[in-house]
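Participant: Below is one structure. I have some questions about it.
Bear in mind that the values in this text are calculations on the coordinates, not laboratory data. These numbers were taken from a predicted model, which means no experiment stands behind them. Cβ placement follows ideal geometry from the backbone for every residue including glycine, while neighbour counts extend to all protein chains displayed.
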Amino acid sequence: MSGTGRTTTKAVLLKAAPILVHKLSIALKELRETRGWLFFVTIATLLPETRITELLDEADQSSRIIGRSIATAKGRPRKDGPPSPAPE
């Protein structure tokens, strides 16, 4: 990729990062709400506890992935390692 291509790509990514962070933040908020509903389903015994446990685990995994994606998009270092390299 040429220098101009890299510069253009970097500019597009920098402009898109705040939009990406916003969209991912909404997804994270929805996952938190989903967890709340899953706890309600557990209390109301609407589904078997084993099924709820699987869904809660999946929600937790998704939350961690999205949380790390937000940190990466913001350029913050991850807790488990060095910061992601900046796009060129």
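Participant: Between residue 40 and residue 17, with labels modelled 7 Å along Cα→Cβ, what's the label distance in nm to one decimal, could you check?
Facilitator: The answer from the label model is 3.7 nm.
Participant: Using per-residue counts of other Cβ atoms within 10 Å, averaged over each peptide, order 56-66, 42-52 from highest down.
Facilitator: With the highest mean Cβ count within 10 Å placed first, the list reads 56-66, 42-52.
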